[in-house]
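Worksheet: the structure to be examined is printed underneath.
The values are calculated or read from the model by the stated rules, or taken from the named source; none is laboratory data. Treat the numbers as computed from the prediction; the structure is a model and nothing was measured. FYI the Cβ positions are ideal-geometry reconstructions off the backbone, even for glycines, and counts take in every protein chain you see.
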Amino acid sequence: MREIGHFVGGKEVKGASGRTGDVFNPNTGEVQASVALAAKAEMEQAITNAEAAQPAWAATNPQRRARVMFKFLELIQKDVDNLAKLLSSEHGKTFSDSKGDIQRGVEVVEFACGIPHLMKGEYTEGAGPGIDLYSMRQPLGVVAGITPFNFPAMIPMWKFAPALACGNAFILKPSERDPSVPMRLAELLVEAGLPAGVLNVVNGDKEAVDTLLTDPRVKAIGFVGSSSIAEYIFATGSAHGKRVQCFGGAKNHMIVMPDADMDQAVDALIGAGYGSAGERCMAVSVAVPVGKKTADTLIEKLIPRVESLKIGPSTDTAADYGPMVTRAHLDKVKNYVDLGIKEGAMLRVDGRNFRLQGYENGFFMGGCLFDDVTPDMRIYKEEIFGPVLSVVRAKDYEEAVRLPSEHDYGNGVAIFTRDGDAARDFTSRVNVGMVGVNFAIPVPLAYYTFGGWKRSGFGDLNQHGPDSIRFYTKTKTVTARWPSGTKGGAEFVIPTMK
Ligand code: NAD
């Protein structure tokens, strides 16, 4: 059985805790590897390594740090097929979707290549007589990222690329369900010239995470995962004096206005609702048709499309989506479908009993479609994170704006319409962090920032884009007087520029 250790001090090391977790092949249901789960002492050793390596890395000029990132991009491109295969084999998403996962991470590495510009400070000459005022951005020291299973390439890169470019050392605690791609990315970074110890990947569970949250040498934590864990990380990390940003779960609505191009809306719902088996934080899980006629047409068009979804192993290039990540997650999603029926929602397509010939033990599930879902139901309030789309019928536009605005989660939302007034009004008023207009998965590009509101995001700054540079640096502001000599004795009044 393949054993996955940790990546510390520039190389893979074996786990020493005696505790391991299973890494499944979701296509077959078999355990394909065991991953080490770090003990407190192992995490502390990684932090010690990172702390020792950080000052020299911070003192490396930003152009040189950028060159490491450029080289890293080149190595990823060379290795992309292997990375995508590895990713699919542990996560279960299709090969082309895995390539997309890698690509969206690569784009943040590309952004981080601009670090010489991004880290520039400000300067005011002559703020007073002989006085210049300037600010500079400095790295924080050792920072950490804790990431989820569903984007094992993209989200680690969203975290470590800007942090490293800013001159920090980084500890990554990836998901224990698909740890191989983060380990491989660390190897590639060292090959690209990153000094040993600057990036460490420590696999583990709560014990590893709690060490990061409480160790005073860790200055900042970036987390992505479910909202209950996000709240815990935010509260505990903040209580220990760290800078913390946490991105949580989601329930993304897509509003379909009566004037929308219905075929385009259905295509969008199928891709955004069922792609990656619904295991995306920006998946659309709620469709909100406005008015009875729109709802009836939408349901009529959706049913045959959901029934004909092509589900296959992650190696099948013709599959729309692959298996779920683990049996436990598959069971959880099926339980939600059972619950929806009990709550009185109308299950129009039932994918619970889907079996794939030759892959009977794989974690597969067919697409499910609920109609007549209402806001008081748990299947509406809670994140399901599977191939299950709920249709909530809104009687008018006002109700359609209210639904996502009043929902506990506020990650993404979309409106499909041909009416510019409605789209403009919606984007302005809706109480959600990322909005799409005739665009179902509005994940901003790397040079903008990504972040949800309400229970989808905890902390002040978003991920990637300019906010990532702000998050991973602190600002120092200098007031300097040249010539240095002052005349006239001590000043007891607060200095002002007269
Ligand atoms: P998860 O919360 O189970 O795990 C996330 C990370 O936290 C993992 O590294 C895990 O090891 C760690 N963890 C789990 N339990 C812990 C505990 N009790 N104490 C300390 N650490 C713990 O999430 P997941 O199932 O891996 O990922 C899916 C979730 O992530 C979904 O809710 C999805 O919406 C969310 N997500 C959000 C975004 C976003 O940007 N908002 C992006 C991707 C995924």
Set Arg327, Arg352: member being within 16 Å of the ligand (Cβ to nearest atom), at pLDDT 95 or above and out of contact with any Cys (no Cβ under 6 Å at 6 or more places or on another chain): Arg327
Working carefully through the options Pro174, Pro216, find the one that is without any contact (Cβ under 8 Å) to a residue 60 or more places away in the chain, near the ligand (Cβ under 8 Å from one of its atoms) and not hydroxyl-bearing (Ser, Thr, Tyr). Pro174
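If you check Tyr397, Tyr409, which single one turns out to be touching a residue at least 12 places away in the same chain (Cβ under 8 Å), closer than 16 Å to Met254 by Cα and within 16 Å of the ligand (Cβ to nearest atom)?
Among Tyr397, Tyr409, only Tyr409 is touching a residue at least 12 places away in the same chain (Cβ under 8 Å), closer than 16 Å to Met254 by Cα and within 16 Å of the ligand (Cβ to nearest atom).
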Give the residues of the range 143-170 that are closer than 19 Å to Thr211 by Cβ and away from the ligand (no atom under 12 Å from the Cβ), sorted by residue number. Val143, Phe160, Ala163, Asn168, Ala169, Phe170
Does Val286 count as more than 16 Å from the ligand (Cβ to nearest atom), surrounded by 22 or more Cβ atoms within 10 Å (Cβ to Cβ), within 26 Å of Met434 (Cα to Cα) and assigned by TED's automatic domain parsing to the domain that holds Met257? no
Suppose the filter is away from the ligand (no atom under 15 Å from the Cβ) and more than 22 Å from Asn462 (Cβ to Cβ); does Val190 pass it? yes
Enumeration of residues in the range 193-207 that are more than 22 Å from Gln103 (Cβ to Cβ) and either surrounded by fewer than 24 Cβ atoms within 10 Å (Cβ to Cβ) or more than 16 Å from the ligand (Cβ to nearest atom) (or both): Gly193, Pro195, Ala196, Gly197, Val198, Asp205, Lys206, Glu207
Taking the range 427-452 as the region of interest, how many residues are outside any loop (DSSP other than H, G, I, E, B) and within 14 Å of the chain's Cα centre (by Cα)? 2
When both residues are 6+ apart or on different chains and their Cβ atoms are under 7 Å apart, which pairs have a first residue that lies in the range 35-58 and is part of a helix (DSSP H, G or I), and a second that is acidic (Asp, Glu)? Lys40/Glu207; Glu44/Asp215; Ile47/Asp215
Filtered residues of the range 57-72 (kept if touching a helix residue (DSSP H, G or I) at 6+ places or on another chain (Cβ under 6 Å) and crowded, with 17+ Cβ neighbours inside 10 Å): Pro62, Arg65, Ala66, Met69, Phe72
The range 387-410, residues that are out of contact with any Lys or Arg (no Cβ under 8 Å at 6 or more places or on another chain), in a loop (DSSP other than H, G, I, E, B) and buried (at least 22 other Cβ atoms within 10 Å of the Cβ): Pro387, Val392
Looking at Gly204, Gly273, can you tell me which residue is more than 25 Å from Ala41 (Cα to Cα) and either in the same structural domain as Thr427 (by TED's automatic domain parsing) or modelled with pLDDT of 95 or more (or both)? Gly273
Restricting to the range 228-277, count the residues that are within 26 Å of Arg470 (Cβ to Cβ), among the hydroxyl-bearing types (Ser, Thr, Tyr) and more than 12 Å from the ligand (Cβ to nearest atom). 1
